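Contents: one structure, followed by commentary.
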Amino acid sequence: MAKTLNFDNAPAGTPPDGWTLTKTGQGQSKWIVEADATAPSKPNVLKQSGRATFPVAIKNDTSIGDGFVEVKFKAIAGSEDRAAGIIWRAKDADNYYVVRANALEDNVVLYKTIKGVRTSLEIVGRKGGYGVSTPVASGQWHALRCDFAGNRFKVTYDGKPLFEVEDATITSPGMIGLWTKADSVTLFDDLTYGELK
């Protein structure tokens, strides 16, 4: 069964309940529920406006091995980076998979983070390269999704299948969550996730 979190039950100006709001690496993340007139499901969004190597928000009560995670996001600001990501099979803030869209680089890339070290993963059917180039406009809402089963991950962006990756580093079920980078200011809404039975 899929669940959708739209952050509308939380009071604006507070961190959301049931999450570990943290980071990978150095710095301080800042995850706060805020009202936003442009929210896909009004009134609230989850905003990350801190500065850290990789700000991370992990949903505590999730444990999914095979399934999917999808979110709507809007990249607002950031001069070093302007990114939005979703994570899955997270053990903690230092071990997880993440796929992220970057509005400064106009690309979508899938990584594994192991013991805090992030490595981009090769796309099935292609040698080398770094993710897939695709427009990621700032100040607009986009949708990012990953379907994961076994060692195969399928990435969809704004409703279009983008690429697939194979990796077997983390096979056990883990938590899902959200991710940004550096000085990114990013809004998230309508986080949907579910398990494949």
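The values are calculated or read from the model by the stated rules, or taken from the named source; none is laboratory data. Just so we're clear, the structure is a prediction, and the values are computed from it rather than from any experiment. Ideal geometry is used to build each Cβ from the backbone, glycine not excepted, and the neighbour counts take in all protein chains shown. To get the accessible areas, we keep the full protein, side chains included, count just its heavy atoms, and leave off ligands, DNA and RNA. Shrake-Rupley method; radii C 1.70, N 1.55, O 1.52, S 1.80 Å.
Is there a residue being surrounded by fewer than 21 Cβ atoms within 10 Å (Cβ to Cβ) and without any contact (Cβ under 8 Å) to a residue 12 or more places away in the chain anywhere in the stretch 92-101? No, the stretch 92-101 contains no residue that is surrounded by fewer than 21 Cβ atoms within 10 Å (Cβ to Cβ) and without any contact (Cβ under 8 Å) to a residue 12 or more places away in the chain. The single condition among (1) of a type in the set (Ser, Thr, Tyr); (2) modelled with pLDDT of 95 or more; (3) open to solvent by 50 Å² or more (accessible area, probe 1.4 Å) that Tyr130 does not meet is (2). Pairs meeting the criteria (first residue in the stretch 154-170 and charged (D, E, K, R) and open to solvent by less than 40 Å² (accessible area, probe 1.4 Å), second residue part of a strand (DSSP E or B) and at pLDDT 95 or above, beta carbons under 8 Å, at least 6 apart or on different chains) are Asp167/Tyr97; Asp167/Lys112; Asp167/Phe153.
Per the listing Asn107, Asn151, the residue uniquely among the polar types (S, T, N, Q) and in contact with an Asp or Glu (Cβ under 6 Å, 6 or more places away or on another chain) is Asn151. I need the full set of residues from the stretch 1-57 which are in a loop (DSSP other than H, G, I, E, B) and open to solvent by less than 30 Å² (accessible area, probe 1.4 Å), in order please. Within the stretch 1-57, Phe7, Ala10, Pro16, Ser29, Ala39, Ser41, Gly50 qualify. Among residues of the stretch 171-197 being under 19 Å from Arg118 (Cα atoms) and more than 16 Å from the chain's Cα centre (by Cα), the one that is least open to solvent (accessible area, probe 1.4 Å) is Ser172.
Annotation note: of Lys47, Lys91, Lys42, the sole residue that is under 14 Å from the mean Cα position of the chain (by Cα) and of a type in the set (D, E, K, R) is Lys47.
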